[in-house]
Amino acid sequence: MLRPRETVLAVPPYHPPLADRSGLRLDFNENTLGCSPRVLDSLRRLTADDLARYPEKHNGELKMADFLRVSVPEVLLTNGVDEAIHLLCQTYLSPGDQAVIVVPTYSMYRIYMTAVGAEVVSVPAARNFEFPWTDVRKSMNQRTKLIAIANPNNPTGRVVPPDDLLRLAEEAPSAAVLVDEAYFEFYGHSVLSRRKQYPNLFVARTFSKAYGLAGLRLGALVGNADQMSALRRMCSPYNVNGIALACLSDALDDRVYVEQYVRDVLESRARLERTLDNAGLTFWPSQANFVLMKAGSTSASAAQFADSMRKRGVLVRDRSADFGCEGCVRITLGTRQHADKLLEALLRTLDELRIPQGVAQL
Ligand code: PMP
């Protein structure tokens, strides 16, 4: 009988709750407004001939390299950061190798690492989800071939000091170190400019968050040119579809749009954090476009909170199942109007569920 590889069977099924998402989408860290109108114009200009051709990503890589101020051989366009993670696992991990993550973190690291037969070493975050530098270092050994760190991290919104990330790359020269900067635009700090000193360092970026293009599936991976040529061998020449490629240039050129959206998100984030603070609720100050908060001490409280918000037309994500996140929900931020709606629903929910609050202010 046909049987999938054991390592594939070891991967737990992962079904993000994407069904029935009517309401204000604050559950998947997407852009809540939509992409730049210039991107929509480039979509409208597409012809049947454009769709008939296989996608050619060289021009897109030229554009991306120019935007990131890196050389073309250092950059690979990918089908979202997810594909970049997958490619790194396929390129650097053999069965029995170790791959290190710090939990809680983005679920796809573990999935792709497990699928290729690596042993996933999950280092628990330190107090307040801080980066457990000493424990991470202790977990590293000769078998460590990949270390994946989201910075800012999902679902906590916490960040790692750049020097800690770079020290990891320095101390584990035979491991690929992925710094996943999916939320870079909301944080503003990157290790990209330091890449030349660390040939094992990779940086990933995405168009799924600030740019409002999660549905297009477009991301970029940057690393040492020699290493990137190995990744290119693993990668389909057609990994990024022609529609995404047609939008890339306008998405990058409309700086005003992205900068305004990021400003809106940062203002909304400050309002939410202030409201949670005033309400006396536990949350973790975030550097991304979302905030993780504690709705109670059990997973039932988080589920109840998410249900109550949904009834009010606001979708948030129950993160109780994540390591160390029992009772937590993650709330994505968007524009000022979206924050108005969120905060109104939040205060009513706190009231309905009698979650203790101090002087909550909008
Ligand atoms: N990395 C992190 C840390 C994320 O939170 C996400 C999306 N939730 C991704 C990568 C996936 O990004 P993409 O849509 O580009 O595949």
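Considering only region 169-192, how many residues are among the hydroxyl-bearing types (Ser, Thr, Tyr), surrounded by fewer than 21 Cβ atoms within 10 Å (Cβ to Cβ) and within 20 Å of the chain's Cα centre (by Cα)?
Looking only at region 169-192, we keep the residues that are among the hydroxyl-bearing types (Ser, Thr, Tyr), and these are 174, 183, 187, 190.
Among the residues that remain, those that are also surrounded by fewer than 21 Cβ atoms within 10 Å (Cβ to Cβ) are: 174, 187, 190.
Now restrict to residues that are within 20 Å of the chain's Cα centre (by Cα): 187, 190.
The qualifying residues number 2.
Being crowded, with 23+ Cβ neighbours inside 10 Å, near the ligand (Cβ under 9 Å from one of its atoms) and in contact (Cβ under 8 Å) with a residue 60 or more places away in the chain narrows it down to one of Arg217, Arg205, so name that one.
Numbers: Arg217 fails: crowded, with 23+ Cβ neighbours inside 10 Å.
It is Arg205.
In region 248-266, is there at least one residue being touching a helix residue (DSSP H, G or I) at 6+ places or on another chain (Cβ under 9 Å), polar (S, T, N, Q) and either within 23 Å of Tyr14 (Cα to Cα) or surrounded by fewer than 14 Cβ atoms within 10 Å (Cβ to Cβ) (or both)? Walk me through how you get there before you give the answer.
First pass over region 248-266, keeping only residues touching a helix residue (DSSP H, G or I) at 6+ places or on another chain (Cβ under 9 Å): 248-254, 257-259, 261-262, 264-266.
Within this subset, residues satisfying the condition of being polar (S, T, N, Q) are 249.
Among the residues that remain, those that are also either within 23 Å of Tyr14 (Cα to Cα) or surrounded by fewer than 14 Cβ atoms within 10 Å (Cβ to Cβ) (or both) are: none.
No: zero hits.
Within region 26-50, take every residue that is more than 23 Å from Asp253 (Cβ to Cβ) and touching a helix residue (DSSP H, G or I) at 6+ places or on another chain (Cβ under 9 Å) and give me the one that is nearest to the ligand (Cβ to nearest atom). Lay out the reasoning, then the answer.
Step one: list which residues in region 26-50 are more than 23 Å from Asp253 (Cβ to Cβ), which gives 26-29, 48-49.
Those still in the list that are touching a helix residue (DSSP H, G or I) at 6+ places or on another chain (Cβ under 9 Å) too: 26-27.
Numbers: Leu26: 13, Asp27: 11 Å.
The qualifying residue nearest to the ligand (Cβ to nearest atom) is Asp27.
State whether the residues of region 344-361 include one that is aliphatic (A, V, I, L, M), surrounded by 19 or more Cβ atoms within 10 Å (Cβ to Cβ) and not in a helix (DSSP H, G or I). Break it down stepwise before answering.
Quick first cut of region 344-361, residues aliphatic (A, V, I, L, M) only: 345-347, 350, 353, 355, 359-360.
So of that shortlist, the ones also surrounded by 19 or more Cβ atoms within 10 Å (Cβ to Cβ) come out as 345-346, 350, 355.
From the residues that got through so far, the ones that are not in a helix (DSSP H, G or I) too are 355.
Checked region 344-361: at least one residue is aliphatic (A, V, I, L, M), surrounded by 19 or more Cβ atoms within 10 Å (Cβ to Cβ) and not in a helix (DSSP H, G or I).
Listed here are the residues, each with its yes/no results for (1) of a type in the set (A, V, I, L, M); (2) over 25 Å from the mean Cα position of the chain (by Cα); (3) part of a loop (DSSP other than H, G, I, E, B).
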site: Pro4; (1), (2), (3): no, yes, yes
site: Thr7; (1), (2), (3): no, no, no
site: Ala19; (1), (2), (3): yes, no, yes
site: Asn29; (1), (2), (3): no, no, yes
site: Lys63; (1), (2), (3): no, no, no
site: Glu83; (1), (2), (3): no, no, no
site: Gln90; (1), (2), (3): no, no, no
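Restricting attention to region 149-185, and to residues there that are among the small types (Gly, Ala, Ser) and closer than 20 Å to Trp284 by Cα, which single residue is farthest from the ligand (Cβ to nearest atom)? So that I can check it myself, show each step before the final result.
The initial filter retains those residues of region 149-185 that are among the small types (Gly, Ala, Ser), namely 150, 157, 169, 172, 174-176, 182.
Checking which are closer than 20 Å to Trp284 by Cα leaves us with 150, 157, 182.
On the way: Ala150: 4, Gly157: 10, Ala182: 4 Å.
In this case the residue turns out to be Gly157.
Mind listing whichever residues of region 38-61 are surrounded by 10 or more Cβ atoms within 10 Å (Cβ to Cβ), part of a helix (DSSP H, G or I) and of a type in the set (Asp, Glu)?
Of everything in region 38-61, those that are surrounded by 10 or more Cβ atoms within 10 Å (Cβ to Cβ), part of a helix (DSSP H, G or I) and of a type in the set (Asp, Glu) turn out to be Asp41, Asp50, Glu61.
What residue, of Arg330, Arg310, Arg319, is surrounded by 13 or more Cβ atoms within 10 Å (Cβ to Cβ), over 15 Å from Gly296 (Cβ atoms) and modelled with pLDDT of 95 or more?
Working: Arg330 fails: over 15 Å from Gly296 (Cβ atoms); Arg319 fails: over 15 Å from Gly296 (Cβ atoms).
Step by step, each of Arg330, Arg310, Arg319 is checked, and only Arg310 is surrounded by 13 or more Cβ atoms within 10 Å (Cβ to Cβ), over 15 Å from Gly296 (Cβ atoms) and modelled with pLDDT of 95 or more.
Return the pairs, sorted by first residue and then second, in which the second residue is assigned to a loop (DSSP other than H, G, I, E, B) and within 16 Å of the ligand (Cβ to nearest atom), the first residue lies in region 168-181 and is without any contact (Cβ under 8 Å) to a residue 60 or more places away in the chain, the beta carbons are less than 7 Å apart, and the residues are 6+ apart or on different chains.
Val179/Asn151; Val179/Val191; Glu181/Asn151; Glu181/Ser190
Any idea which residue in region 126-148 is nearest to the ligand (Cβ to nearest atom), counting only those that are among the β-branched types (Val, Ile, Thr), over 18 Å from Val191 (Cα atoms) and touching a strand residue (DSSP E or B) at 6+ places or on another chain (Cβ under 8 Å)?
Of all residues in region 126-148, those among the β-branched types (Val, Ile, Thr) come to 134, 136, 144, 147.
Filter once more, keeping what is over 18 Å from Val191 (Cα atoms): 134, 136, 144.
Within this subset, residues satisfying the condition of being touching a strand residue (DSSP E or B) at 6+ places or on another chain (Cβ under 8 Å) are 136, 144.
On the way: Val136: 17, Thr144: 20 Å.
Among residues in region 126-148 that are among the β-branched types (Val, Ile, Thr), over 18 Å from Val191 (Cα atoms) and touching a strand residue (DSSP E or B) at 6+ places or on another chain (Cβ under 8 Å), the one nearest to the ligand (Cβ to nearest atom) is Val136.
The values are calculated or read from the model by the stated rules, or taken from the named source; none is laboratory data. Model, not experiment: these values are computed from the prediction. Here Cβ is always computed from backbone atoms with ideal geometry, including for glycine, and neighbour counts include all displayed protein chains.
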